[in-house]
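Colleague: This is the structure, below, for whatever I ask next.
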Amino acid sequence: MTVTGQWPYKSTGRVRALVLLALGVVKVATAEQLRQLVLPGTADPQTVRNACKDLRHAGLVETVGKTSRLGAGGRPVTRQLWNLTTAGLSAAASELGRPVKEMGGTAREAAKAGAAHALAVTDTIDAIRQSAPLPTQPVSRRSAAPVPRRQLPARPAGLGHLGGWETEVALPVVGTFTAPGKGSLRADAVLQAPEDGVPVLFVEVDNHTEPAATVAAKIDRYRRFFQRKVKDHQGRDVELWSTVWEDSGRGGYPPLALVFTKDVGPEARFNRMKKVAELSRDCWRGRWHCPGAEFGLEEEKRDGWREYEGTVPVIATHLDQLRTKGPHGPVWWRFGRTTWQPLNDALTNTDTPAEYFARSDARRAAREAQYQREREETRREQEERLAAHWPCPSCGRDVDPDHTDADGYRPEPGGLCPLCERTRRELEAERSATQERTGIMARLRTRAAER
């Protein structure tokens, strides 16, 4: 990029390049948004604003619209909207290293109309990216007073880098990427951040201007796009999206993030999220498989797994909590779940076949362990009983102290075995009978002698 003469607003080449890079991605933004995206460490937006003015002087950017927001005192504050010219689009393509034909438009008409949705998309990209503030060199003054070191604002951990973002990306249900047909859609933004474990994330920004049914229908159009197949160079059927973006390896189609931006209160906001989730259930809910039910297994018949093939993982959040906690905070609600989760947890499928088989293996191992414990207990009891046995003092047979015979005899420690005890009792009874007979005969003889 060559411009004759000096830059009248004295911006640096680095700042101008960063502004072109940011506008090449978001297409339209205020100076404050551009500052947050690429130079959040500066004291105020003036550094970025001067770069925009110099780029306007060079014919690369322009400002054809304004936006108004409420300031701190409740009064409206008007800000200029900056967007690229056709020449600026080519310069931004060079900064991003992309072909000009992939850059989209200049967003001139959107800027004229106030670009409310485009600005919300820009805010969303900034909230997900969370560019880390870096210290800047203080401007030297004639005054000898030293410039105090400025405290930089703290921001949560972000995701990806600006060059990994694209906006208004065509997703052709029919037609091509450059000439999408009827029924196709454009993603508000697409992030590629494989370095952060997110090969691709599609982002839709909801300003609460459309009915929930319309947002749910958009999710269905995403699924239709993901389902579309084409022939690869070997003549095989492959999904069209996979020829452009990498698979996450988590199962299912690429994830879709819904970011709700309107401040309507937590309850109304979540009710809208739940309504969209309910209307799009067929798109994101995995199919349930329960193999144990077929065999009537009591424990396993309630367990199974979800098959996510052909489903669109949908995660939702609100811009405010995304700004405050960042994308790695517990700000995402995965449709079908009950809690807010960090990004990685929300994107990871649950109730998968691997988890089911792990649970099955754990149950099998638990049953085997229980069986082994019972066997060991039985063996130990048998050993304890055997250790309590003793040889019969009469015949030497093994005496079981827990054995009770038909007559109710239970050996005392060191006593006779039941057989010898029975013999002893029989002998004792016979001896008693003999003694009784002997006594009777003696008495009879005595009586006879007395007569």
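Colleague: Quickly run through the range 340-361 and pick out the residues that are open to solvent by less than 60 Å² (accessible area, probe 1.4 Å) and not polar (S, T, N, Q).
Modeller: Pro342, Leu343, Ala346, Leu347, Asp351, Pro353, Tyr356, Ala358
Colleague: Please work out which one of (1) surrounded by fewer than 20 Cβ atoms within 10 Å (Cβ to Cβ); (2) closer than 25 Å to Gly13 by Cβ; (3) modelled with pLDDT of 90 or more is the condition Leu89 fails and give its number.
Modeller: Every listed condition holds for Leu89 apart from (1).
Colleague: Exactly one of these conditions fails for Asn349: (1) free of Cβ contacts under 8 Å to residues at least 40 places away in the same chain; (2) not in a helix (DSSP H, G or I); (3) not small (Gly, Ala, Ser). Give me its number.
Modeller: Evaluating Asn349 over (1) free of Cβ contacts under 8 Å to residues at least 40 places away in the same chain; (2) not in a helix (DSSP H, G or I); (3) not small (Gly, Ala, Ser) leaves (1) as the failure.
Colleague: Taking the range 385-401, which residues are open to solvent by 80 Å² or more (accessible area, probe 1.4 Å) and either part of a strand (DSSP E or B) or on the phi > 0 side of the Ramachandran plot (or both)?
Modeller: Once the filter is applied, which keeps residues that are open to solvent by 80 Å² or more (accessible area, probe 1.4 Å) and either part of a strand (DSSP E or B) or on the phi > 0 side of the Ramachandran plot (or both), the range 385-401 yields Pro391, Asp398.
Colleague: Moving to a separate point now. Checking the condition outside any loop (DSSP other than H, G, I, E, B), in contact with a helix residue (DSSP H, G or I) (Cβ under 9 Å, 6 or more places away or on another chain) and surrounded by fewer than 22 Cβ atoms within 10 Å (Cβ to Cβ), which residue from Arg323, Arg337 passes?
Modeller: Of the residues listed, the single one that is outside any loop (DSSP other than H, G, I, E, B), in contact with a helix residue (DSSP H, G or I) (Cβ under 9 Å, 6 or more places away or on another chain) and surrounded by fewer than 22 Cβ atoms within 10 Å (Cβ to Cβ) is Arg323.
Colleague: I've got another one for you. Before we move on, is Glu294 modelled with pLDDT under 95, closer than 30 Å to Arg323 by Cα and outside any loop (DSSP other than H, G, I, E, B)?
Modeller: Considered against the rule, which asks whether it is modelled with pLDDT under 95, closer than 30 Å to Arg323 by Cα and outside any loop (DSSP other than H, G, I, E, B), Glu294 comes out as no.
Colleague: Is there a residue being in contact (Cβ under 8 Å) with a residue 12 or more places away in the chain, touching an Asp or Glu at 6+ places or on another chain (Cβ under 8 Å) and on the phi > 0 side of the Ramachandran plot anywhere in the range 246-258?
Modeller: yes
Colleague: On the basis of being modelled with pLDDT under 85, assigned to a loop (DSSP other than H, G, I, E, B) and loosely packed, with under 13 Cβ neighbours inside 10 Å, does Thr404 make the cut?
Modeller: yes
The values are calculated or read from the model by the stated rules, or taken from the named source; none is laboratory data. Just so it is clear, the model here is predicted, and its values are computed rather than measured. Glycine also receives a Cβ, built like all others from the backbone with ideal geometry; neighbour counts cover every protein chain displayed. Side chains are part of the model used for accessible areas, which takes the heavy atoms of the whole protein and leaves out ligands, DNA and RNA. Shrake-Rupley method; radii C 1.70, N 1.55, O 1.52, S 1.80 Å.
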